[in-house]
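One structure is given here, and the rest of the page talks about it.
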Amino acid sequence: MGDSLGTNSLRFEREGSIAWCVIDRPSARNALTPEMYFGIKRAVGLVNRDPELSALIITGVGDVFAPGGDLGGRSEGDEAVPDGVGRDILPFLTIRDSRAPVIAAVNGICQAGGLLIAMMADIAVVSERATFRVPELLRGIPDATYAAALPAHVGVAVARDLILSARSFDAAEALRLGVISRVVPHDQLRGAAIEAATQILRTAPEARAHTKRMINERYGLIDYQTMFGSLETSAEPREGMAAFMEKRQPSWFPDDLSAGR
């Protein structure tokens, strides 16, 4: 397939030894389809297989990095996921375990699966304009990657706050809490992302791979069995997604309370 990522909503661009995966679906605010998730995973694989490429930078277009999956179930009609992929469609652990450095250049709204992409990257370089949210529980989804990864990044107390409240937070708070590590002026994002990739590439690849493996062991168990089992059997994800599409509160929210932020 060459440099094709299986969907026109992702662009794979080469800039010398650095590749860019650009999330480019402005008509849907960069909401990620299953094919796009798999395309991001494919981009990581391309960089790791191509001797002319050394690092990957993932970014978005406009004022959105990625808001997570497209809850409307829409696709673009040009997309293709190989048969039999199933649950292996998600790119998060592939990004985390990539031998080639992966940088997230977070240009704007970054939520749900988009925030997991940023967290699993080796370095997330973030625009000062970016905003974040972990909204999975609002949709009735017990997300296994967040349950394992966010406490390792920020500690249990902060992870509980962000996951259980599903509140929004800005780039300054994300930096203070340790969700991400670098915030830069918006117009400096591209250069700062290239600089981050260059810095990592100065380190020895084999030693870096061993160190990454040891760091990644801190995530502990990622219980996908519980998450996917809930998605298949629980009524909550269906109600949560229906409420989102219908712009109403889900049935579990008390009638006498205001939803707030």
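The values are calculated or read from the model by the stated rules, or taken from the named source; none is laboratory data. Because the structure is a prediction, the values reported are computed rather than measured. As a convention, Cβ positions derive from the backbone with ideal geometry for all residues, glycine included, and neighbour counts pool all protein chains shown.
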From T203, T131, T198, residue being in contact with an Asp or Glu (Cβ under 7 Å, 6 or more places away or on another chain), at pLDDT 95 or above and within 30 Å of R14 (Cα to Cα): T131
Regarding segment 53-68, can at least one residue be identified that is modelled with pLDDT of 95 or more, among the polar types (S, T, N, Q) and surrounded by fewer than 22 Cβ atoms within 10 Å (Cβ to Cβ)? yes
Just one of (1) in contact with an Asp or Glu (Cβ under 8 Å, 6 or more places away or on another chain); (2) part of a loop (DSSP other than H, G, I, E, B) trips up F253, so point out which. (1)
Pairs needed: first member in segment 47-66, farther than 14 Å from A130 by Cβ and of a type in the set (G, A, S); second member anywhere, at pLDDT 95 or above and assigned to a strand (DSSP E or B); C-beta distance under 7 Å; at least 6 residues apart or different chains. S54/I18; A55/I18; A55/I103
Matching residues, segment 246-261, being on the phi < 0 side of the Ramachandran plot and modelled with pLDDT under 90: D255, D256, L257, S258, A259, R261
A207: assigned to a helix (DSSP H, G or I) and crowded, with 22+ Cβ neighbours inside 10 Å, yes or no? no
Residue by residue through segment 202-230, note down the ones that are closer than 26 Å to A31 by Cβ and out of contact with any Lys or Arg (no Cβ under 9 Å at 6 or more places or on another chain). I222, D223, T226, M227, G229, S230
Those residues of segment 244-258 which are surrounded by 10 or more Cβ atoms within 10 Å (Cβ to Cβ) and farther than 22 Å from A144 by Cα amount to M245, R248, Q249, S251, F253
Counting just the residues of segment 213-228 that are assigned to a loop (DSSP other than H, G, I, E, B) and not small (G, A, S), which one comes out surrounded by the most Cβ atoms within 10 Å (Cβ to Cβ)? I222
For residues that are touching a Pro at 6+ places or on another chain (Cβ under 9 Å) and more than 18 Å from R96 (Cα to Cα), tally how many sit in segment 29-59. 4
Within segment 164-185, track down each residue that is surrounded by fewer than 16 Cβ atoms within 10 Å (Cβ to Cβ) and in contact (Cβ under 8 Å) with a residue 60 or more places away in the chain. R167, S168
